[in-house]
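Heads up: the structure comes next, in C-alpha cells.
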Amino acid sequence: MSRRHLPTLAASLVFQSPPLLEQARQRLGGPGRSEPGVGTFVVVSAAGAPSAPGVVLFVAGSELDVWTGRGRVVRTQRDRVTAFAGSAPRELTSIASAARLFASLVEGGRVRYLDAEGTAREGTLFEMCRYGALVARDDAHIMAVGFSKLRPASLC
C-alpha cells in the first residue's frame with residue numbers, strides 16, 4: 001500500500017511540450033479510466049496503521065485508489081477495504097460527489113474547470129487520468145486539472 005499526495009488538486013498548470021505532458025500525467029496518477037465504483041465510501045485497513053474512512057477515486061481490477069483526507073490517497077487492494085457504515089464525514093461527502101461527477105466525464109467532451117486563479121474556464125477533455133484530466137484549452141494549450149475542479153460544461 002502506498003500513500004500519495006495530490007499537488008495538482010490545489011492548482012491547474014499549463015503544459016505545452018511532450019516531456020511536461022508526461023509529468024502532468026504522472027502528477028495526476030497516470031492515464032486511465034476507472035472501472036465502476038468511483039465515489040464509494042469505504043474503510044481502508046492497513047497493517048500497522050489505524051483503519052481510515054475514505055472515498056474510492058479509481059478502480060482497476062483488484063486495485064483501488066482511496067482518498068483518505070487532506071489530499072492523501074492510499075493505493076490498496078480490494079480485500080483491504082470494507083463498506084463504510086454510518087454518516088460519512090463532510091469532507092468525504094464533497095469529495096465523493098466530485099469523484100462521481102469526474103467519473104461521468106468523457107474524453108473529447110466539453111468541460112468547465114477552475115484555473116490556478118480560481119476562474120472558471122472551458123476546454124475539451126483531452127485525456128483522463130486517475131486523479132484528474134488533461135484539458136485542451138481553446139488556444140491549444142494543455143492544462144492538468146485535478147478531478148475536483150472539473151465539471152461537464154453542460155452543467156454550468
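Of the candidates 56, 111, the single residue that is farther than 27 Å from residue 43 by Cβ, touching a strand residue (DSSP E or B) at 6+ places or on another chain (Cβ under 7 Å) and not basic (Lys, Arg) is 111. Annotation note: Cβ proximity below 7 Å between a residue of the stretch 49-78 that is assigned to a helix (DSSP H, G or I) and a residue that is not aliphatic (A, V, I, L, M) (sequence gap 6+ or interchain) occurs for 78/62. Filter the stretch 125-156 for residues that are open to solvent by 40 Å² or more (accessible area, probe 1.4 Å) and touching a Lys or Arg at 6+ places or on another chain (Cβ under 6 Å); which is nearest to residue 105 (Cα to Cα)? Among residues in the stretch 125-156 that are open to solvent by 40 Å² or more (accessible area, probe 1.4 Å) and touching a Lys or Arg at 6+ places or on another chain (Cβ under 6 Å), the one nearest to residue 105 (Cα to Cα) is 151. Of all the residues in the stretch 42-96, those that are at negative phi and open to solvent by less than 60 Å² (accessible area, probe 1.4 Å) number 32. Scan the stretch 115-153 for residues that are charged (D, E, K, R), under 17 Å from the mean Cα position of the chain (by Cα) and in a strand (DSSP E or B) and the total you get is 2.
The values are calculated or read from the model by the stated rules, or taken from the named source; none is laboratory data. This structure is a prediction, so every number in the text was calculated from the model and none was measured. Cβ coordinates were reconstructed from backbone atoms using ideal geometry, including for glycine residues, and neighbour counts include every protein chain displayed. Heavy atoms of the whole protein, side chains included, go into the accessibility calculation; ligands, DNA and RNA do not. Shrake-Rupley method; radii C 1.70, N 1.55, O 1.52, S 1.80 Å.
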